[in-house]
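Inspection log for the structure reproduced underneath, given as structure tokens.
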Amino acid sequence: MHLSLRLFMYFFLACLFAGVSAHAEPHPIVCGVAKGYPPYQFRDESGRPIGLDVEVLSQVFTIIDVPYRFEQKDWDDVVANLRYGDLDCAIGMEMSEIRLESFDFSVPYYIREISLFLLEREARIETLDDLVWRVIAGDRHSAVEEYFSEIGLKNKIRIIQTNSKDESMRLLKEGRVTALIAPKAVGFYLAKKHEVQVKTLPLPLTASPVGIAVKKGNGALLKKINDGLEKLKQQGKLEPIINRWRQ
């Protein structure tokens, strides 16, 4: 084959594949979601992710026309995978000083009221000091854990991490933990599901802002998410989603 013909074929094929590449589907954003965190993040009967945070993120990426998919895992795995770059974002993460060191957050799109749940029949616990040397279920690096550290209780209370709040509520029902740290909506939702009578111990720290987390430095994705959240709010769609799932 003559050199000129070979060059022609080379450029023809290069242009052909360049055209195919240009029209290829963009890589979807992979977003981590927890399994047992109703009504915010959980699974329906078919195993699909549902909940307040799931619906908000779906609406955000639809508005900004960005392809996405969910990966549903235990919450601890979601946080670790985002930290090491195996996920692009994590939905519905409560903001804390420790988490801000590892992740960048979208603007908060709602506030979770945090409570400390006890069995209703539990008469030994009336104040936080009564939890000293007891085992409670909670998340790592949460705002509540930071508060316990500030008042000198963090090293006097054993906080264990479970795979889900659903599992934590089962442990509380069985008496294997003394208390459970959870958003108020989550705790009462799961108490009803597991048919367990609970009460709450007041916490001075009662609210935690919630946003969509991305790996530190991923400003391009963060801007898209914030743009989508702002448009969702301007269109009057954000508040109805929050209210519907919190009913």
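Only the coordinates and a few stated rules stand behind these numbers; no lab work does. Values in this document were obtained by computation on a predicted structure and should not be read as measured data. Here the Cβ is made from the backbone with ideal geometry for all residues, glycine too, and neighbour counts use every protein chain on show.
What is the Cα centroid distance between the stretch 38-79 and the stretch 149-166, reported in whole angstrom? Comparing the Cα centres of the stretch 38-79 and the stretch 149-166, I get a distance of 26 Å. Remark: ASP77, ASP65, ASP139 ranked as ASP65, ASP77, ASP139, counting other beta-carbon atoms within 10 Å and listing the fewest first. Using equal-weight Cα scatterers in the Debye expression, the normalised intensity of the stretch 112-207 in log10 at q = 0.20, 0.24 Å⁻¹ is -0.94, -1.42.
Computed from the Cβ-Cβ distance with R0 of 35 Å, the FRET efficiency linking ASN163 to GLN234 stands at 0.40.
In plain terms, the chain from ILE111 to ASP129 could stretch by 3.8 nm, reckoned as 0.36 nm per residue minus the Cα-Cα distance. Of the residues ARG83, ARG170, ARG124, the one with the fewest other Cβ atoms within 10 Å heads the list, and the complete ranking is ARG124, ARG83, ARG170.
Here the simple spin-label model places points 7 Å from the Cα toward Cβ, and for ILE151 and ARG244 these points are separated by 3.8 nm. Taken over the chain, the alpha-carbon convex hull comes to 163 cubic angstrom per residue.
Each of the peptides 89-95, 225-231, 213-219 was scored by the mean count of other Cβ atoms within 10 Å over its residues; in descending order, highest first, they stand as 89-95, 225-231, 213-219. Arranged from fewest to most other beta-carbon atoms within 10 Å of their beta carbon, SER149, SER46, SER164 become SER46, SER149, SER164. The distance between label points at HIS27 and VAL66 comes to 1.4 nm (points 7 Å beyond Cα on the Cα→Cβ vector).
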